[in-house]
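**Q** Below you'll find the structure I mean.
The numbers here are math on the coordinates, done by the rules we state, and not lab data. Predicted model only: the values in this text are computed from it and were never measured. When we count neighbours, we look across all protein chains shown, and the Cβ atoms used for this are built from the backbone with ideal geometry, even at glycine.
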Amino acid sequence: MEFAVKSGNPEKQRTACLVLGVYESRRLTAAAEQFDTACGGYLGNLLRRGDLEGKIGQSLLLFNVPEALCERVLLVGCGRERDLDDRRFRQILVHTATVLNDTGAIEAVLYLTDLGVKSRNLNWRIRQAVEVIEESQYRFDLLKSKKDAPRRSLRKIILSVPGRRELPEGEQAVREGIAMSAGVKFTKDLGNLPPNLCTPAYLAEQAQALAQEFPALQASVLEEAEMEQLGMGALLSVSRGSVQPAKLIRLDYRRGPAAAKPYVLVGKGVTFDTGGISLKPSEGMDEMKYDMCGAASVLGTLRACAELNLPLNVIGLIPAVENMPGGRATRPGDVVTSLSGQSIEILNTDAEGRLILCDALSYVERDEPAAVIDIATLTGACIIALGRHPHGLFSNHPPLAHALIAAGQAAYDRAWELPLWEDYQEGLDSNFADMANVSGNRDGGAIMAACFLSRFTKKYHWAHLDIAGTAWKSGKAKGATGRPVPLLTQFLLDRAAELEPQDGHATH
Ligand code: BES
Ligand code: MN
Ligand code: ZN
């Protein structure tokens, strides 16, 4: 989809479709009011007859509106003006995108980004519009022999800004929304790919392809022999049962000052999680193809970074493995030595994410990071604790946790913090090694996993996002969500903004 911003009166728009808002109950928004005056009160009359209440989810498509220069007018319900918040604004856009797709219009001019949304500015409204519309266009039909491509004539969306002065701000917001959406789409596609295609080697190829596409990105891949040499016994223990070799994938993005410490994103890349010898039950096991969504979100975020040309140094690191049972697979009871030197008694081979992450987390110490954020579909317990709306967040550094929560709120990709208290740590005691990979009971499973990781992240500021409940949707709408690319990209946008004066121009 192509996006643009425009200022100007709605009645002057020569367009295939003009989209105007109607508040509940039967009240025209400012732009609709202005248009209505020009067309002799046609809309007002319609509303008085009771054809559109203005509830969210309602709309009315009009043709041949008297005096109008546009071919169609789409009236869209916006709910009560004073209730218009983030969620409702997004619902209005989802509905608009769906209805527009079913019209024959090639382009549309939307007078919705000028609506007032509680404590949100123009940048936010435009970015959300771009993201929601892109999201509503997403299909994954790569593997269907007959594409279910509907008659899709809509090519261009024009978003209104209040005046000429706001055009640059609007254009920047469109750029950000497009970069974010491209990152989200990249992440969704990788997540949705079946596990016979999306293997550790495939993830490595995708990183290399990104580096080909964006000169600011450099890719490198460590093979099993090199990981063995380094001493990554925890990571390697997970892929022992698989015929797919493990890969440690690294992407470097260097557009910040040479001396600026890098932000490091570490993504769990289990391309399929059977549980290993601690085999999972068969119901819904197909969804364990999504166990690499953390990895995919790292790639998607770096893609967005590169597209936005952010003046930062960022490193993406992806331990990629397949967790399978087999004659060579790790057994419950095996003890392995991690890169950190700490020994681990593996009591459950299904708690594999923490085993690959711990070695990756030790490995990044040498990069002297400004902060490290790992992203992982780590525990079913996180879904029990928080449901499927927020990511679970843990951190050893409160300001970092705060910055991530704020970024999530700004990007409508929210995280919720859970405790990481010392009190929990004794649950990981082992009689035979420095620690066990699971605790002896099911209490606080998401917290116990984070406690395990925290033993490998003492040398830097670190946060952990458990995306088990948020990375994909189950049921009829099964599919990857692309989260937390918006949160992570926003976090990096915020770090870049700290470097520059507010207006974005360097002072001389
Ligand atoms: N990838 C799973 C976590 C998961 C399960 C995410 C279901 C989303 C939906 C992870 O590797 C796992 O198996 N975790 C175990 C940990 C347990 C053995 C301590 C879990 O959550 O059951
Ligand atoms: Mn598992
Ligand atoms: Zn897993």
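**Q** Could you size up the charge dipole of region 321-476 around its Cα centre, putting +1 on the beta carbon of Lys and Arg and -1 on that of Asp and Glu, and report it in debye to the nearest 20? Write out the running numbers ahead of the final one.
**A** Details: 12 positive and 19 negative charges, 106 e Å.
Dipole of region 321-476, to the nearest 20 debye: 520 debye.
**Q** Still on this structure, I have one more. Please enumerate, by chain and number, the aspartates and glutamates with C-alpha under 16 Å from the C-alpha of residue 289, excluding those fewer than 8 residues away in the same chain.
**A** Correct list for residue 289: 189, 273, 322, 350, 352.
**Q** Compute the helix-to-body angle for 485-499: its Cα long axis versus the longest principal axis of the chain, expressed 0 to 90° and rounded to tens.
**A** Long axis of 485-499 versus the principal axis of the chain: about 90 degrees.
**Q** What order do you get for 358, 17 when you list them from fewest to most C-beta neighbours inside 10 Å? Each step should come with its number before you reach the end.
**A** On the way: 358 27, 17 24.
Lowest count first: 17, 358.
**Q** May I ask you to compute the full-extension gain from residue 220 to residue 142, defined as 0.36 nm times their residue separation minus their alpha-carbon distance, rounded to one decimal in nm?
**A** Here the answer is 25.3 nm.
**Q** Another question, then. For residue 406 and residue 229, what is the calculated FRET efficiency with R₀ set at 41 Å and r taken between the beta-carbons, to the nearest 0.05?
**A** 0.50
**Q** What ranking of 220, 145, 239, 343 emerges when the number of other C-beta atoms within 10 Å of each C-beta is taken as an exposure proxy, fewest first?
**A** 145, 220, 343, 239
**Q** Name the residue from 34, 130, 7 whose Cα lies farthest towards the positive end of the charge dipole of region 2-159, charges +1 on Cβ of Lys and Arg and -1 on Cβ of Asp and Glu.
**A** Value: 130.
**Q** I need the peptides 409-415, 439-445 ranked by packing, meaning the mean over residues of other C-beta atoms within 10 angstrom, with the highest value on top.
**A** 409-415, 439-445
**Q** Moving on. Note the count of lysine pairs whose C-alpha atoms are less than 29 angstrom apart in region 2-159, limited to pairs 8 or more residues apart or on different chains.
**A** 12
**Q** Taking the Cα centre of the chain as origin, sum charge times position over the Cβ atoms of Lys and Arg (+1) and Asp and Glu (-1), and report the length of that vector in debye to the nearest 20.
**A** Roughly 1600 debye, rounded to the nearest 20.
**Q** Still on this structure, please answer the following. Calculate the length of the line joining the C-alpha centroid of region 331-362 to that of region 72-103, in whole Å.
**A** What the calculation gives is 49 Å, centre to centre.
**Q** Still on this model: Can you return the lysines within cross-link range of residue 261? Criterion is Cα-Cα under 27 Å, with same-chain partners fewer than 8 residues away left out.
**A** Result set, ordered by chain and number: 247, 458, 459.
**Q** To continue, here is another question. Can you sort 266, 130 by how many other beta carbons sit within 10 Å, fewest first?
**A** 130, 266
**Q** Let me ask something additional. Can you tell which of 75, 92, 61 lies farthest toward the positive end of the dipole of region 2-159, using +1 and -1 charges on the Cβ of basic and acidic side chains (Lys, Arg; Asp, Glu)?
**A** Of the options given, the answer is 92.
**Q** Between helix 293-308 and the chain, what is the angle of the helix's C-alpha long axis to the longest principal axis, kept within 0 to 90° and rounded to the nearest 10?
**A** So the inclination is approximately 50 degrees.
**Q** To the nearest 20 debye, what is the magnitude of the charge dipole of region 2-159 about its Cα centre, counting +1 on the Cβ of each Lys and Arg and -1 on the Cβ of each Asp and Glu? Intermediate values should be presented prior to the final figure.
**A** Working: 26 positive and 21 negative charges, 63 e Å.
For region 2-159, the charge dipole is close to 300 debye.
**Q** Taking the Cα atoms only, what angle lies between the long axis of helix 200-213 and the longest principal axis of the chain, rounded to 10 degrees?
**A** With both axes taken from Cα atoms, the answer is about 50 degrees.
**Q** Okay, moving on. So, in Å, what gap is there between the alpha-carbon centers of region 3-30 and region 285-305?
**A** So the separation of the two Cα centres works out to 38 Å.
**Q** Note the per residue figure in Å³ for the convex hull of the C-alpha positions in region 279-328.
**A** In region 279-328, the Cα convex hull volume per residue is 84 Å³.
**Q** Towards the positive end of the charge dipole of region 2-159, with charges on Cβ (+1 Lys, Arg; -1 Asp, Glu), say which of 104, 23, 143 has the farthest Cα.
**A** 143
**Q** Further question on the same structure: Of the listed peptides 315-322, 394-401, 278-285, what is their order by residue-averaged count of other C-beta atoms within 10 Å, with the highest listed first?
**A** Final packing ranking: 315-322, 394-401, 278-285.
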